[in-house]
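Have a look at the structure below, then the notes.
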Amino acid sequence: MPFPHLTALPLALLAASLLILAPDGAHAATTAKAVKPAATKDAPALPGYQADLSQTTVSGLSSGGFMAAQFAVAYSATVAGAGIIAGGPYFCSGQPGRFPYIPYLTNALTTCMNPGSAQVAPPVASELLRAANDFARARLIDDTANLKRQRVYLFSGTQDRTVTRPVMEQVGKFYALAGTPAAQIRFVDTVGAGHAILTDSNQDKPCAVTESPFINDCDYVQARDILQHLYPDLQPSSTTLTGKLIAFNQRSFIQSAYSSMNNTAYAYIPKACDSESCRVHVVFHGCLQTTQAIGDRFYTSTGYNQVADANKIIVLYPQAEPSPVYPYNPKGCWDFWGYTSINPIDPDFYRKSGTQMEAVKGMLDRLAARRGSH
């Protein structure tokens, strides 16, 4: 493969990961009051709903945007579309590689965020696609030919200084080089938004700011726009929810003690899905948007549930969590640079077998299982 593997990074560099996708020096302890999660490790098992996984889509903000891009490429045989808000292309932290190792964390903090301020070049889509093709040939991820069928929504706020437009542009180039038709790629880059997911609620932060909980009122229901692009046949959103929000045991899907994932995750189940086969949309929160930091705000007030309720879409909300020691992930980010890898010389975060990736796929498989099974 064209990219040599990571060797152990110095402690000073690991300490620098305190900054990863934490906009303008924000910290969970100071920018958001800690809220005890609504559920515990004793949450019930996720039941089967006979979901139709052929129409599975994903989306996410910030580290969740990177995770959405990563999952969509690695599991491209399952994923039909991706919505990426202030994220970056697949395997972004793996390029550029420098012999004898790839400084994944350094790349994540510079190349994949605000390369201009770091005085480095943005990621290079052609190199990342070459790596993806190599991984696919090695059967570490699904065939990249599947990317041609995906629908892709991209968003970069004009006031976002955390993950900047040059990084987002490379996501579009990655898909274009992979053969995805231009008509299937929507890039929204004219909204004066900070680093956040956007709503039409005056209870949220002003549009241009970048601060916790990173949910901003821009008179724009971004969840609706994402899902409208990924599913062009959408009906109007529900004004009153008729389904149910469930907490379930996420721990049962995790194979490693180093996952930095919460014991509990959440899903919104429209009423129709109790008796009919529904599609599934997976939403990855951003750094500092865990239940420890902002309670239930992300999975109850970002607009996805209202759209899903009227359109027979189950919304799955996997949950990362802060991890202050090992794996070192103090802000509850999703892994797109390798912190969950037990062997730092051979990280697997970008593979189907990656700890977080495999866990989320397991949740999808459970949703597709026989109705009521556990």
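What the table shows:
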read-out: Condition met for residue 214 (touching a strand residue (DSSP E or B) at 6+ places or on another chain (Cβ under 9 Å), among the aromatic types (Phe, Trp, Tyr) and either within 18 Å of residue 76 (Cβ to Cβ) or modelled with pLDDT of 95 or more (or both)); value: yes
read-out: Number of the exception - residue 360 against (1) over 24 Å from residue 140 (Cα atoms); (2) among the β-branched types (Val, Ile, Thr); (3) open to solvent by less than 50 Å² (accessible area, probe 1.4 Å); value: (1)
read-out: Residue 298 being modelled with pLDDT of 95 or more and closer than 21 Å to residue 247 by Cβ; value: yes
read-out: Filtered residue count, segment 320-334, keeping only those that are among the polar types (S, T, N, Q) and either open to solvent by 40 Å² or more (accessible area, probe 1.4 Å) or assigned to a loop (DSSP other than H, G, I, E, B) (or both); value: 0
read-out: Answer from 87, 48 - the residue that is in a loop (DSSP other than H, G, I, E, B), over 21 Å from residue 150 (Cβ atoms) and touching a Gly at 6+ places or on another chain (Cβ under 7 Å); value: 48
read-out: Failed criterion for residue 46 (all others in (1) at pLDDT 50 or above; (2) open to solvent by 10 Å² or more (accessible area, probe 1.4 Å) hold); value: (2)
read-out: Matching residues in segment 229-246 - criterion: being of a type in the set (S, T, N, Q) and either open to solvent by less than 60 Å² (accessible area, probe 1.4 Å) or touching a strand residue (DSSP E or B) at 6+ places or on another chain (Cβ under 6 Å) (or both); value: 237, 238
read-out: Segment 133-147 residues that are without any contact (Cβ under 8 Å) to a residue 12 or more places away in the chain, paired with ones that are charged (D, E, K, R) and surrounded by fewer than 19 Cβ atoms within 10 Å (Cβ to Cβ) (beta carbon under 7 Å, 6 or more apart); value: 136/143
read-out: Residues of segment 221-243 classified as farther than 13 Å from residue 306 by Cβ, part of a loop (DSSP other than H, G, I, E, B) and modelled with pLDDT of 95 or more, total; value: 2
read-out: Scan of segment 291-305 for residues that are among the hydroxyl-bearing types (Ser, Thr, Tyr), touching a residue at least 60 places away in the same chain (Cβ under 8 Å) and either open to solvent by 20 Å² or more (accessible area, probe 1.4 Å) or not in a loop (DSSP other than H, G, I, E, B) (or both), ordered by number; value: 291, 301, 304
read-out: Failed condition for residue 311, given (1) part of a strand (DSSP E or B); (2) buried (at least 17 other Cβ atoms within 10 Å of the Cβ); value: (1)
read-out: Segment 153-183: number of residues that are loosely packed, with under 15 Cβ neighbours inside 10 Å and not in a helix (DSSP H, G or I); value: 3
read-out: Failed criterion for residue 353 (all others in (1) of a type in the set (S, T, N, Q); (2) within 24 Å of residue 128 (Cβ to Cβ); (3) modelled with pLDDT under 95 hold); value: (3)
read-out: Residues located in segment 278-328, provided they are of a type in the set (Ser, Thr, Tyr) and farther than 19 Å from residue 368 by Cα; value: 290, 291, 299, 300, 301, 302, 304, 323, 326, 328
read-out: Search result, residues across segment 345-374 that are over 15 Å from residue 49 (Cβ atoms) and touching a Leu at 6+ places or on another chain (Cβ under 9 Å); value: 345, 346, 347, 348, 350, 351, 352, 353, 360
read-out: Whichever residue in segment 94-152 is over 30 Å from residue 232 (Cβ atoms) and hydroxyl-bearing (Ser, Thr, Tyr) and, among such residues, is surrounded by the most Cβ atoms within 10 Å (Cβ to Cβ); value: 104
read-out: Qualifying positions in segment 247-269 - surrounded by fewer than 23 Cβ atoms within 10 Å (Cβ to Cβ) and free of Cβ contacts under 8 Å to residues at least 60 places away in the same chain; value: 257
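So that you can scan it fast, the table gives a plain yes or no per residue for (1) in contact with a helix residue (DSSP H, G or I) (Cβ under 6 Å, 6 or more places away or on another chain); (2) in a loop (DSSP other than H, G, I, E, B); (3) surrounded by fewer than 24 Cβ atoms within 10 Å (Cβ to Cβ):
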{"position": "282", "(1), (2), (3)": "no, no, no"}
{"position": "307", "(1), (2), (3)": "yes, no, no"}
{"position": "337", "(1), (2), (3)": "yes, yes, no"}
{"position": "352", "(1), (2), (3)": "yes, yes, yes"}
{"position": "372", "(1), (2), (3)": "no, yes, yes"}
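The values are calculated or read from the model by the stated rules, or taken from the named source; none is laboratory data. Worth saying up front: this structure is predicted, and the values here are computed from it rather than measured. Here the Cβ is made from the backbone with ideal geometry for all residues, glycine too, and neighbour counts use every protein chain on show. Quick note on the areas: whole protein, heavy atoms, side chains included, nothing else; ligands and nucleic acids left out. Shrake-Rupley method; radii C 1.70, N 1.55, O 1.52, S 1.80 Å.
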